[in-house]
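Chemist: Take this structure first; my questions come after.
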Amino acid sequence: MRKLRLGWLGLGLLALGTLLVTGRPVQAADVKTVPLSVVPITNEYQVNKATMFYDLEMKPGQSTELKMKLINNGKSALTVRVRDAAATTTDNGSVDYTNLSTTYDPTLAYPLPTLIRIPKQYQQIQLPALSTATYHLPLTMPKKAFAGIILGGIRVTPVIQQTTKKAIQNTYGYTVAVRLSNGTDQLPSLRMRSVKTASSQNGATVNANFQNPKAGLLSNGKLDARVTKQGQNRTLKSLTLNQSSVAPNSNFTAKIPWNGSVAPGDYTLHATYTSTDPKFDNTKVWHFSQNFHVSAAQAVRYTLTAMHIPWWAYAIMVLILLLLIIIIWLLVKRRKGADPSANK
């Protein structure tokens with residue numbers, strides 16, 4: 001048994017989270033497929049000792065050690081990569097603990113990676129074959145008291161050596177949530193920040209950006225969004241997100257597909273978000289409405305994109321147009337040269 005201490009603000013979240021191999025759940029006991037196991041050790045500040053993640057309630061500036069074990073059941077050494085992330089919200093309306101982007105929502109005061117500073121030499125850990133290593137990971141809470149929670153996670157994956165350039169390698173990893181609080185709750189909220197059109201591979205979308213500016217997890221939600229002509233009530237396009245959750249101090253973009261040709265004009269996005277989160281005394285409902293405009297140039301671009309016309313088709317059309325212009329110009333020039341009255 002050996003010990004490794006990871007940095008002055010390292011965070012031990014390597015524990016029983018989501019384990020995936022090529023997108024399919026597998027059993028960690030399958031040594032041939034998944035030799036790595038992660039076992040968390042209950043922390044003294046754990047709110048609920050039955051949870052499968054670190055849920056700690058501590059005082060401002062207080063420090064502790066999160067303990068966990070990495071077990072290599074395989075007959076070959078493993079190199080394990082450790083990365084941390086602040087909890088974000090996907091465009092499908094679910095909480096993501098694996099987004100490694102360092103571009104955070106402007107309302108997020110304490111991103112988890114700013115509290116977890118894993119030294120570079122420990123971001124990849126060497127784990128010998130048939131061995132167990134116990135790790136002590138120092139955690140220090142923000143010095144200033146805060147209401148609500150800090151939410152994030154750590155992704156633990158083995159480094160897979162690619163044998164050939166074209167080889168497809170199975171990958172798997174453990175993702176574990178960590179929740180930190182000072183013991184003061186804060187109710188989540190929701191607001192719509194912007195509405196605009198965009199182009200995707202499948203055509204146009206109406207992108208509505210929603211934000212939870214509070215340090216509270218919004219769960220048990222449902223988003224209903226629809227697009228109408230401005231001043232009218234007939235639904236042109238719609239989107240529903242069931243079983244939605246929004247991470248604390250995060251935002252996400254709901255993308256309503258247009259599916260077909262786009263007409264220029266003025267439109268309105270109507271959205272309703274309903275939550276039966278038990279944090280609220282009753283069902284909580286938010287209503288949003290915002291106008292947006294589609295120009296003629298945008299409508300043409302979106303419609304052509306939806307038609308899946310390849311780039312070389314555009315090139316041919318431009319070439320044909322140029323040839324027609326040249327031919328017309330030559331015919332006009334020849335006609336003027338053949339008409340004596342045109343030269344007087």
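Chemist: Are there any strands (runs of 3 or more DSSP E) wholly within the stretch 185-235 with 1 or more residues that are of a type in the set (F, W, Y), and if so which?
Modeler: Details: elements: 191-200, 203-212, 218-229.
It comes to 203-212.
Chemist: Let me ask something else about it. Do we have D281 as among the acidic types (D, E) and part of a strand (DSSP E or B) here? Break it down stepwise before answering.
Modeler: Values: among the acidic types (D, E): yes; part of a strand (DSSP E or B): no.
Against the criterion (among the acidic types (D, E) and part of a strand (DSSP E or B)), D281 does not qualify.
Chemist: Out of the residues in the stretch 175-189 that are out of contact with any Leu (no Cβ under 6 Å at 6 or more places or on another chain) and surrounded by 20 or more Cβ atoms within 10 Å (Cβ to Cβ), which is modelled with the highest pLDDT?
Modeler: If we filter the stretch 175-189 for residues that are out of contact with any Leu (no Cβ under 6 Å at 6 or more places or on another chain), which is where we start, we get 175, 177, 181-187, 189.
Adding the requirement that they be surrounded by 20 or more Cβ atoms within 10 Å (Cβ to Cβ) leaves 175, 177, 181.
On the way: T175: 81, A177: 85, S181: 97.
Among them, the one singled out is S181.
Chemist: Looking at (1) modelled with pLDDT under 90; (2) part of a strand (DSSP E or B); (3) closer than 30 Å to G221 by Cα, find the lone condition where L56 falls short.
Modeler: All conditions pass for L56, except number (1).
Chemist: Still on this structure, please answer the following. Which condition from (1) buried (at least 18 other Cβ atoms within 10 Å of the Cβ); (2) of a type in the set (S, T, N, Q); (3) in contact with a helix residue (DSSP H, G or I) (Cβ under 8 Å, 6 or more places away or on another chain) is the one that N72 breaks?
Modeler: (3)
Chemist: Same structure, new question: From the list M52, M68, which one is touching a Pro at 6+ places or on another chain (Cβ under 6 Å) and closer than 22 Å to V34 by Cβ? First the steps, then the outcome.
Modeler: Details: M52 fails: touching a Pro at 6+ places or on another chain (Cβ under 6 Å).
Step by step, each of M52, M68 is checked, and only M68 is touching a Pro at 6+ places or on another chain (Cβ under 6 Å) and closer than 22 Å to V34 by Cβ.
Chemist: Could you please give the count of residues in the stretch 109-129 that are modelled with pLDDT of 85 or more, in a loop (DSSP other than H, G, I, E, B) and of a type outside the set (G, A, S)?
Modeler: 3
Chemist: Among the residues in the stretch 109-120, are any surrounded by 18 or more Cβ atoms within 10 Å (Cβ to Cβ), touching an Asp or Glu at 6+ places or on another chain (Cβ under 6 Å), in the same structural domain as N43 (by TED's automatic domain parsing) and β-branched (V, I, T)?
Modeler: Yes, there is a match, as at least one residue in the stretch 109-120 is surrounded by 18 or more Cβ atoms within 10 Å (Cβ to Cβ), touching an Asp or Glu at 6+ places or on another chain (Cβ under 6 Å), in the same structural domain as N43 (by TED's automatic domain parsing) and β-branched (V, I, T).
Chemist: Now, a different point. On the given criteria, is F146 farther than 30 Å from T79 by Cα, surrounded by fewer than 21 Cβ atoms within 10 Å (Cβ to Cβ) and aromatic (F, W, Y)?
Modeler: Details: farther than 30 Å from T79 by Cα: yes; surrounded by fewer than 21 Cβ atoms within 10 Å (Cβ to Cβ): yes; aromatic (F, W, Y): yes.
For F146, the condition - farther than 30 Å from T79 by Cα, surrounded by fewer than 21 Cβ atoms within 10 Å (Cβ to Cβ) and aromatic (F, W, Y) - is met.
Chemist: One residue is enough: does the stretch 81-88 have a residue meeting the conditions out of contact with any Gly (no Cβ under 9 Å at 6 or more places or on another chain), at pLDDT below 90, farther than 30 Å from N251 by Cβ and outside any loop (DSSP other than H, G, I, E, B)?
Modeler: no
Chemist: If you take the residues of the stretch 75-103 that are among the β-branched types (V, I, T) and in contact (Cβ under 8 Å) with a residue 40 or more places away in the chain, which of them is surrounded by the fewest Cβ atoms within 10 Å (Cβ to Cβ)?
Modeler: Looking at the filtered set, the residue picked out is T79.
Chemist: What number of residues within the stretch 103-133 satisfy the criterion of being among the polar types (S, T, N, Q) and under 19 Å from L180 (Cα atoms)? Even if it seems obvious, please write down each step before you answer.
Modeler: Step one: list which residues in the stretch 103-133 are among the polar types (S, T, N, Q), which gives 103, 107, 114, 121, 123-124, 126, 131-132.
Going one step further and asking which of them are under 19 Å from L180 (Cα atoms), we end up with 107, 114.
Qualifying residue count, the stretch 103-133: 2.
Chemist: Still on this structure, I have one more. Counting only residues that are surrounded by fewer than 16 Cβ atoms within 10 Å (Cβ to Cβ), closer than 30 Å to Y97 by Cα and among the aliphatic types (A, V, I, L, M), how many does the stretch 228-286 have?
Modeler: Residues flagged as surrounded by fewer than 16 Cβ atoms within 10 Å (Cβ to Cβ), closer than 30 Å to Y97 by Cα and among the aliphatic types (A, V, I, L, M) within the stretch 228-286 amount to 1.
Chemist: Picking from L190, L236, L218, L223, which residue would you name as being more than 17 Å from A87 (Cα to Cα) and within 20 Å of the chain's Cα centre (by Cα)?
Modeler: Every option except L223 fails the conditions.
Chemist: Quick one: would you say L20 is more than 27 Å from T184 (Cα to Cα), part of a strand (DSSP E or B) and modelled with pLDDT under 80?
Modeler: Details: more than 27 Å from T184 (Cα to Cα): yes; part of a strand (DSSP E or B): yes; modelled with pLDDT under 80: yes.
The answer is yes for L20.
The values are calculated or read from the model by the stated rules, or taken from the named source; none is laboratory data. Note that this is a predicted model, so its numbers are computed, not measured. Methodologically, a virtual Cβ is constructed for each residue, glycine included, from the backbone with ideal geometry; neighbour enumeration extends over all protein chains shown.
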